[in-house]
């Protein structure tokens with residue numbers, strides 16, 4: 001598919017919903033199931049608790065397949081380029097996993113589980129391949145559909161895209177790569193003088 | 001500093017309730033006069049040095065600097081669609097914080113909302129119960145008031161004048177400047193007097209562009225006047241000068257204490273005199289009164305950890321618990337001689353509650369700065385202050401009083417502009433290229449002091465310690481809303497005139513309380529029938545009772561209050577010490 005195709009997300013989603021129901025199983029339907037969804041089996045079971053200890057979250061929120069998918073999704077949001085590494089190098093998927101496994105917000109967790117499946121279903125529909133197996137252009141095309149329709153927040157896949165971008169951005173720009181390589185942040189060091197507009201220092205590059 | 005033992009059989013010269021800007025200043029001034037002072041603070045013992053992690057990288061923090069997942073901080077929407085007490089509906093969050101407690105650096109400084117409920121109208125009430133209170137998280141803008149504020153009634157007929165003039169307080173502003181340190185640039189403005197400034201910060205290029213454009217309109221933009229020592233303070237071993245390091249917007253305190261905070265600026269030096277005794281975990285619930293004389297005799301407090309009751313005794317009681325908590329304490333202190341609460345024969349305690357309205361503002365982009373190399377802009381305590389321009393020489397037909405803007409531009413540790421549309425290579429590049437080009441500002445405007453804006457005690461709801469909660473009856477009025485309209489329009493006009501590309505104009509008025517500048521609930525005045533305190537913040541009714549925090553303000557002006565709170569407090573405590581020596585209390 002081409003990213004330039006005009007896309008009616010509402011119309012086309014009926015089709016990929018059908019495809020996904022076949023490919024992934026009927027558990028996806030009916031929608032919206034996001035708020036009601038309870039803990040899924042793909043999450044690793046919680047480690048046995050020591051007596052009296054506070055409940056500890058599971059070791060991982062994402063299973064290996066989900067983790068690989070989040071790796072590619074986050075890299076599609078903030079990719080490596082000639083300037084610096086991207087979300088994968090910055091281990092953004094690990095960051096998101098931590099946020100989710102420690103989160104008390106079941107709605108947020110359910111949105112991620114559902115969102116990952118919906119994205120994969122979209123990729124299978126549009127590209128004939130799972131998101132992880134699709135080539136970079138095709139991945140961009142899937143996310144472009146969602147980005148171009150990001151006002152349709154009643155759709156779970158759109159809400160998921162917004163959440164994916166939010167946490168990817170948060171994880172990336174708080175990482176070493178994001179702060180130092182990408183933005184070349186100049187702070188957290190001692191200055192003798194404040195830097196201002198008149199100074200010959202970097203202001204005029 | 002050495003901490004001395006609390007002795008509850010002793011009659012101290014003075015008990016100070018609260019350890020923030022006002023309580024810290026009272027402790028400093030009174031101990032420097034040789035008085036024996038007991039300072040009661042409601043907060044837990046919090047090692048503020050450990051809390052202030054100014055140089056910590058987000059990737060070195062367990063939550064990248066975000067609030068831990070077991071905590072929730074209230075959002076603007078939640079303040080709007082819910083009603084106080086705000087605890088309901090957040091059962092999954094172990095800790096519930098006010099809006100400002102939204103990161104890992106502030107979470108231990110601000111109180112848990114559920115332990116400290118309040119009722120009534122919506123209010124974004126920010127409280128910090130720890131040594132130093134809100135001075136640990138303040139925005140550091142340190143401005144003076146002028147006779148445009150103290151004598152505002154003479155100019156527009158509204159409200160009351162203060163019982164002091166600028167000349168009364170000016171020497172004390174000077175003392176505060178020199179003792180605590182302030183950075184800024186002299187501007188010779190009659191409505192915003194200069195301080196005795198240390199080395200100023202510098203404006204970045206977008207800010208210079210705005211300043212030059214504003215000068216053509218006759219408006220003044222000056223470097224952020226920050227309560228930060230940029231040259232250092234020889235007399236204070238606890239504080240370093242500012243090294244412009246970065247991440248100043250983090251607001252979780254300054255770990256080298258270049259930014260003023262009450263513990264290192266005032267309380268530790270006061271402890272070094274040997275005259276100060278501190279008691280933590282002490283929730284004051286009543287000022288006790290001698291039934292024979294009607295005078296204050298001490299403070300009844302609860303240990304917040306053991307829940308046990310205690311009473312401490314003193315010749316003078318100095319209330320500095322913050323504007324709203326001080327009013328609450330006075331109202332709680334009912335007795336046969338003071339049936340409406342202490343110092344409240346006028347009925348004005350809790351009333352004339354005022355503050356600053358905020359929300360309207362603008363974000364722009366300086367196109368000539370797009371694509372430039374990253375610069376260190378957030379190592380400054382702040383960018384700029386755009387001074388008041390309404391109702392000075394002219395008379396605005398829509399509203400009285402004025403507003404100023406706080407703003408700044410340039411690079412920040414977490415980049416501005418990540419809300420750009422899209423994703424991928426183009427998005428990443430856009431964030432990078434624009435990171436230093438953004439400039440923004442938001443207005444702070446005077447909320448008129450009105451008798452009908454007030455707080456009282458809730459008849460049912462109590463806090464964790466069984467102390468009746470405060471109930472709010474407080475709303476912005478027409479003057480404020482018309483002013484907010486004007487803020488939005490002028491903000492946009494000024495950015496357009498400077499040639500910035502407008503990215504966002506905000507017309508949204510934030511919830512009452514958002515400025516954290518609450519004032520006026522025990523105002524000063526010369527008439528005991530319409531005011532609570534005299535010009536020395538001394539109760540008209542109870543001679544040995546002083547209320548030295550923002551509650552004494554007669555109006556809010558549009559300038560940030562901290563520097564004025566401390567200057568007034570210094571003046572009053574000098575008077576207190578003299579009166580005590582002369583046997584007049």
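The values are calculated or read from the model by the stated rules, or taken from the named source; none is laboratory data. Bear in mind the structure is a predicted one, so any value in this text is a computation, not a measurement. All Cβ positions, even for glycine, are placed from backbone atoms using ideal geometry, and neighbour counts span all protein chains on display.
Hey, can you tell me all the residues within the stretch B:139-158 that are without any contact (Cβ under 8 Å) to a residue 60 or more places away in the chain and surrounded by 24 or more Cβ atoms within 10 Å (Cβ to Cβ)?
Those that are without any contact (Cβ under 8 Å) to a residue 60 or more places away in the chain and surrounded by 24 or more Cβ atoms within 10 Å (Cβ to Cβ): none in the stretch B:139-158.
Would you mention how many residues in the stretch B:327-348 are outside any loop (DSSP other than H, G, I, E, B) and crowded, with 24+ Cβ neighbours inside 10 Å?
Result for the stretch B:327-348: 4.
For the stretch B:246-304, which residues satisfy the criterion of being part of a helix (DSSP H, G or I), at pLDDT below 95 and more than 22 Å from the chain's Cα centre (by Cα)?
Correct list: empty.
Name every residue in the stretch B:180-208 that is within 14 Å of another protein chain (Cβ to nearest Cβ) and part of a loop (DSSP other than H, G, I, E, B), in order of residue number.
Passing the criteria: B:184, B:185, B:197, B:199, B:200, B:201, B:202, B:203, B:204.
Somewhere in the stretch B:319-334, is a residue without any contact (Cβ under 8 Å) to a residue 60 or more places away in the chain, on the phi > 0 side of the Ramachandran plot and more than 14 Å from chain A (Cβ to nearest Cβ)?
no
Which numbered condition in (1) within 21 Å of the chain's Cα centre (by Cα); (2) part of a loop (DSSP other than H, G, I, E, B) is the only one that residue B:87 fails?
Result: residue B:87 passes all but (1).
Which residues, taken from the stretch A:75-96, are more than 25 Å from residue B:62 (Cβ to Cβ) and part of a helix (DSSP H, G or I)?
A:76
Given B:372, B:398, which one is part of a loop (DSSP other than H, G, I, E, B) and at pLDDT 95 or above?
B:398
So, of the residues in the stretch B:225-245 that are within 16 Å of the chain's Cα centre (by Cα) and part of a loop (DSSP other than H, G, I, E, B), which turns out to be farthest from residue B:132 (Cα to Cα)?
Checked the stretch B:225-245; the qualifying residue farthest from residue B:132 (Cα to Cα) is B:225.
Here's the yes/no breakdown for (1) at pLDDT below 95; (2) farther than 25 Å from residue B:431 by Cα; (3) facing another protein chain (nearest Cβ under 10 Å):
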site: A:68; (1), (2), (3): no, yes, no
site: A:72; (1), (2), (3): no, no, no
site: A:76; (1), (2), (3): no, no, yes
site: A:80; (1), (2), (3): no, no, yes
site: A:84; (1), (2), (3): no, no, yes
site: A:87; (1), (2), (3): no, no, yes
site: A:97; (1), (2), (3): no, no, no
site: A:103; (1), (2), (3): yes, yes, yes
site: A:106; (1), (2), (3): yes, yes, yes
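Could we say that residue B:274 is surrounded by fewer than 22 Cβ atoms within 10 Å (Cβ to Cβ) and either within 14 Å of chain A (Cβ to nearest Cβ) or over 23 Å from residue B:564 (Cβ atoms) (or both) here?
The answer is yes for residue B:274.
Any idea which residue in the stretch B:401-430 is surrounded by the fewest Cβ atoms within 10 Å (Cβ to Cβ), counting only those that are more than 7 Å from chain A (Cβ to nearest Cβ) and in a helix (DSSP H, G or I)?
B:426
Pull up the stretch A:152-184, narrow it to residues that are farther than 25 Å from residue A:67 by Cβ and modelled with pLDDT under 95, then point me to the one that is nearest to the chain's Cα centre (by Cα).
Looking at residues that are farther than 25 Å from residue A:67 by Cβ and modelled with pLDDT under 95, I get A:153.
Every residue in the stretch B:305-326 that is buried (at least 19 other Cβ atoms within 10 Å of the Cβ) and assigned to a loop (DSSP other than H, G, I, E, B), please.
B:320, B:321, B:322
Any residue at all in the stretch B:458-469 that's surrounded by 18 or more Cβ atoms within 10 Å (Cβ to Cβ) and within 18 Å of residue B:355 (Cβ to Cβ)?
no
Out of (1) outside any helix (DSSP H, G or I); (2) crowded, with 23+ Cβ neighbours inside 10 Å, what's the single condition that is false for residue B:491?
Status for residue B:491: all satisfied but (1).
Could you figure out which of (1) under 18 Å from the mean Cα position of the chain (by Cα); (2) farther than 15 Å from residue A:74 by Cα; (3) surrounded by fewer than 22 Cβ atoms within 10 Å (Cβ to Cβ) isn't true of residue A:99?
(2)
Can you work out which of the residues in the stretch B:56-100 that are buried (at least 20 other Cβ atoms within 10 Å of the Cβ) and at positive phi is nearest to the other protein chains (Cβ to nearest Cβ)?
B:64
With respect to residue B:211, is the statement that it is part of a helix (DSSP H, G or I), over 18 Å from residue B:139 (Cβ atoms), within 14 Å of another protein chain (Cβ to nearest Cβ) and touching a strand residue (DSSP E or B) at 6+ places or on another chain (Cβ under 8 Å) true?
Considered against the rule, which asks whether it is part of a helix (DSSP H, G or I), over 18 Å from residue B:139 (Cβ atoms), within 14 Å of another protein chain (Cβ to nearest Cβ) and touching a strand residue (DSSP E or B) at 6+ places or on another chain (Cβ under 8 Å), residue B:211 comes out as yes.
Conditions first: (1) in contact with a strand residue (DSSP E or B) (Cβ under 6 Å, 6 or more places away or on another chain); (2) within 13 Å of chain A (Cβ to nearest Cβ). Residue B:222 passes all but one, so which condition is the exception?
Exception for residue B:222: condition (2).
If residue A:193 passes every condition in (1) at pLDDT 95 or above; (2) at the interface with chain B (Cβ under 8 Å from one of its Cβ atoms); (3) surrounded by fewer than 20 Cβ atoms within 10 Å (Cβ to Cβ) but one, which one does it miss?
Failed condition: (1).
Residue B:44: out of contact with any helix residue (DSSP H, G or I) (no Cβ under 7 Å at 6 or more places or on another chain) and surrounded by 13 or more Cβ atoms within 10 Å (Cβ to Cβ), yes or no?
yes
Does any residue of the stretch B:535-557 turn out to be surrounded by fewer than 20 Cβ atoms within 10 Å (Cβ to Cβ), at pLDDT 95 or above and assigned to a helix (DSSP H, G or I)?
no
Identify the residue in the stretch B:437-452 that is in a loop (DSSP other than H, G, I, E, B) and within 29 Å of the chain's Cα centre (by Cα) and, among all such residues, is farthest from the other protein chains (Cβ to nearest Cβ).
Only one residue tops the list, namely B:451.
Which residues, taken from the stretch A:107-129, are touching a residue at least 24 places away in the same chain (Cβ under 8 Å) and surrounded by fewer than 18 Cβ atoms within 10 Å (Cβ to Cβ)?
A:107, A:108, listed by residue number.
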